[in-house]
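Enquirer: Provided herewith is a single structure, encoded as structure tokens, for subsequent inquiry.
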Amino acid sequence: MYTMDQIHRIRELYFEQGKNLAEIAEILGCDWRTVRKYVDQTDFSPLPPQTQKAVSHKSKLDRYKPEIDTWLEADRKAPRKQRHTATRVFHRLTNKYPDFDVSYRLVAQYVSEKKEQLNLKKEEGYIPLIHRPGEAQADFGTADFYENGKYYEKGKYLVLSFPYSNGGYLQLNYGENLECLLEGLQNIFQYVGGVPTEIWFDNTKTIVTEIIRGGGRELTDRFRLFSEHYRFKPVFMNPVSGNEKGNVENKVGYLRRNELVPLPEFMNLAEKNTSLLASCDADMDREHYDKELFISELFEEDRKAFLPLPEVLFDTALYATARTDKYGKFRLNGGKHECSASPAICEGIVHLKITSDTVVVMDEDFREIVHHRRLYGDSEQKSMEWLPYLKYIARKPRSLRNSGIYEILPVNIRKYMDSCANSDRGQILKVLAELTERSGFESAVRTVNQALVYDAVDPDSLKNLYRRVYSDVPELPPMKEADSILPAGKVIQFNCDLDFFDSVLRKAGAANE
């Protein structure tokens, strides 16, 4: 490292005395490259001060930092809007550890530093709006969740907020169709015991079919019926003006951060939605950001302004028809989702009742044939309910191999049916139908797989294998012979005095004839 005096001498020889690089290097006894470096240097500003690492001190938060790190690391795989805020981290720690005595400031400082390391920081702003009691705003948010172990990516949740009180409720769902919207609104209406006087919406295509010049809207028939049934006034925003309903935009983010972080995991969506309503109630036990009253108190003013609930519930289902193919199947969602009906209705018409989570298939007399879990997403998917097919072919077992149904049966079912005697086939198909009705087609398939292992090709063996697999019947080991067991062929005779029994009967008052 050259001193400033040495650097000055190099530049003096070059600029003032006109020496070339080689001559300067010879005079000063240094490398000509070093001479060139300082001759060419144009910026001699001092280096800015470097940030020094803070001296490590023990903190009350230290014992919790690994857990916070785990939560924030997991956020890297979570959707951006479903990541922990400092407030959410603080509340989770407070709820989990009764002795937690670390200040929010310290938690927030650490979360901010950690997020910066993980590139998770993002600032959001919201525009508050003021409204009269009884008015509401509706919008959908996006959130991932697990139901019964299945991962739903980019699921949806409906938020209904009340700007006057700043209260709000949410309902999770699989999508953002009209059935999800109407069911979610209806659930909230029933829970709060009334209907908002007016609800503000975006111009979503599930509701609005056309925006008319001058501000009018053409609405879908079912939404118009729904709003008429509950008597609320729908209000629509100007196109590309979501900020006009800023309260619900804010509430969508707030409820996601406080109710859907970490990613929700539950067994049943309906039960989860019930618990979410109660959780939103509990969240109102806090002060309003501006009015110096609890949100729950202000929400009572909202409630007083609500319209009364109608005497009957609105039927939120979509009713439609579909044509089946030669296998008795039909398609939904532009042909991407395939569902089964029944082989008895091949190349015919079925009636459908579609809700947010189910598709009920009915015959021409509107009697239920089967129902499916509604499929979501744009990928090719299939839903197959085998019970109608098994019952159908059980009545015609001899025609099984020549039927189209045989082609779509799982390979092991076909293999098992081929190994059965012709006389047993009908009964075995009835057993498979019974097992499917009891615990699902997969249980019937697993039972057949076991039957193939044991080469059990009769109906009774199939039933016994099912009981062993699904009824927790233990398989007992062979019984060992004990010394106390009599050898075969040996008989022991016992003498019995019948007079003794006669005397007992007489004492009891019974006649002995």
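The values are calculated or read from the model by the stated rules, or taken from the named source; none is laboratory data. Bear in mind the structure is a predicted one, so any value in this text is a computation, not a measurement. Here Cβ is always computed from backbone atoms with ideal geometry, including for glycine, and neighbour counts include all displayed protein chains. Surface areas here come from the heavy atoms of the whole protein model, side chains and all, with no ligands, DNA or RNA. Shrake-Rupley method; radii C 1.70, N 1.55, O 1.52, S 1.80 Å.
Enquirer: Consider the candidate values (i) 67, 41, 32; (ii) 52, 28, 20; (iii) 37, 29, 21; state which one is semi-axes √(5λ) of the Cα gyration tensor in Å computed from the structure displayed.
Expert: Among (i) 67, 41, 32; (ii) 52, 28, 20; (iii) 37, 29, 21, the one derived from this structure is (i).
Enquirer: Oh, and also: Can you pull the percent of Cα pairs in region 338-473 with separation above 19 Å? Show your work: numbers first, answer last.
Expert: On the way: 4916 of 9180 pairs.
Looking at region 338-473, the distances longer than 19 Å represent 54 percent of pairs.
Enquirer: Just want to confirm a number: the relative contact order over region 216-335, from Cα pairs under 8 angstrom separated by 6+ residues, in percent. Walk me through the intermediate numbers first.
Expert: On the way: 36 pairs, mean separation 22.9, N = 120.
With pairs under 8 Å counted, the relative contact order is 19 percent.
Enquirer: I would also like to ask the following. What's the local net charge at residue 335, with K and R +1, D and E -1, over the other residues with C-beta under 13 Å away? Could you put the intermediate results ahead of the total?
Expert: Working: positive: 323, 329, 331, 336, 382; negative: 325, 338, 378, 380.
Summing Lys and Arg as +1 and Asp and Glu as -1 gives +1.
Enquirer: State to the nearest 20 debye the size of the charge dipole of region 232-354 about its Cα centre, where the only charges are +1 on K and R beta carbons and -1 on D and E beta carbons. It would help to have the intermediate numbers written out before the result.
Expert: Numbers: 16 positive and 20 negative charges, 186 e Å.
In total the dipole reaches around 900 debye.
Enquirer: Keeping the other protein chains in place, figure out the carbon and sulfur percent of the accessible area of region 204-316, with a 1.4 Å probe. Before the final figure, lay out each step's value.
Expert: Values: 3200 of 6410 Å².
That fraction is 50 percent.
Enquirer: Can you give the local net charge around residue 273? Use residues other than it whose beta-carbon is closer than 13 angstrom to its beta-carbon, Lys and Arg +1, Asp and Glu -1.
Expert: Numbers: positive: 156, 272; negative: 147, 183, 259, 271, 357.
That works out to -3.
Enquirer: Between residue 502 and residue 270, what FRET efficiency comes out of the Förster formula 1/(1 + (r/R0)^6) with R0 = 51 Å and r the beta carbon distance, rounded to 0.05?
Expert: On the way: r = 68 Å, r/R0 = 1.34.
That gives a FRET efficiency of 0.15.
Enquirer: If you take the alpha carbon radius of gyration of region 157-280 and divide it by 2.2 N^0.38 Å, what ratio comes out, to two decimals?
Expert: Values: Rg = 14.8 Å, N = 124, 2.2 N^0.38 = 13.7 Å.
Normalised Cα radius of gyration, region 157-280: 1.08.
Enquirer: Considering the options 134, 322, 181, tell which one lies farthest towards the positive end of the dipole of the chain, charges being +1 on Lys and Arg and -1 on Asp and Glu at the Cβ, about the Cα centre.
Expert: Projecting each Cα onto the dipole axis, the largest value belongs to 322.
Enquirer: If we count every other residue with Cβ under 10 angstrom of residue 444's Cβ, Lys/Arg +1 and Asp/Glu -1, where does the sum land? Before the final figure, lay out the partial values.
Expert: On the way: positive: 438, 446; negative: 434, 437, 442.
Summing Lys/Arg as +1 and Asp/Glu as -1 gives -1.
Enquirer: If you don't mind, there's one more thing I want to ask. Principal axes first, then extents: for the Cα atoms of region 275-343, list largest minus smallest coordinate on each axis, whole Å, largest first.
Expert: Between the extreme Cα coordinates on each principal axis of region 275-343 lie 67, 27, 20 Å.
Enquirer: Enter the accessible area per residue of region 301-376 (Å², integer; probe 1.4 Å; all protein chains in place). List each step's numbers first, then the result.
Expert: Numbers: 4070 Å² over 76 residues.
Value for region 301-376: 54 Å² per residue.
Enquirer: With an 8 Å Cα cut-off and a minimum separation of 6 or more residues, compute the relative contact order for region 104-208 in percent.
Expert: Values: 124 pairs, mean separation 25.2, N = 105.
Computed value for region 104-208: 24 percent relative contact order.
Enquirer: Next question. Counting only protein heavy atoms and using a 1.4 Å probe, what share of the accessible area of region 68-120 belongs to carbon plus sulfur, as a whole percent? Walk me through the numbers on the way to the answer.
Expert: Numbers: 1430 of 3100 Å².
Solvent-exposed carbon and sulfur of region 68-120 make up 46 percent of the total.
Enquirer: Quick one: compute the contact order of the chain, relative version, from alpha carbon pairs under 8 angstrom and 6+ residues apart, as a percent. Could the numbers behind the result be given before it?
Expert: Values: 682 pairs, mean separation 50.5, N = 513.
Once normalised by length, the contact order is 10 percent.
Enquirer: At 18 angstrom or more along the helix axis (alpha-carbon based) and mean Kyte-Doolittle of 0.0 or higher, what helices does the chain contain? Whole DSSP H runs only. Let's see the in-between values first.
Expert: On the way: long enough: 104-118 (21 Å, -0.79); 178-192 (21 Å, 0.67); 246-259 (19 Å, -1.45); 269-283 (21 Å, -0.06); 422-439 (26 Å, -0.62); 441-454 (20 Å, 0.36).
For the chain, where a helix must reach 18 Å along its axis and average at least 0.0, the hits are 178-192, 441-454.
Enquirer: Dipole of region 269-379 (Lys/Arg Cβ +1, Asp/Glu Cβ -1, origin at the Cα centre): which of 354, 269, 289 lies farthest to the positive side?
Expert: 354
Enquirer: Sticking with this one: Using the Cα centre of the chain as the reference point, and only Cβ charges (+1 on K/R, -1 on D/E), how large is the resulting charge dipole? Debye, rounded to the nearest 20.
Expert: Here the chain has a charge dipole of around 960 debye.
Enquirer: Rounded to the nearest 500 deg cm²/dmol, what is the calculated helix-only ellipticity per residue at 222 nm for the chain, with -39500 (n - 2.57) per DSSP H run of length n ≥ 4?
Expert: Numbers: 18 runs with 207 residues, N = 513.
Taken over the chain, the calculation gives -12500 deg cm²/dmol.
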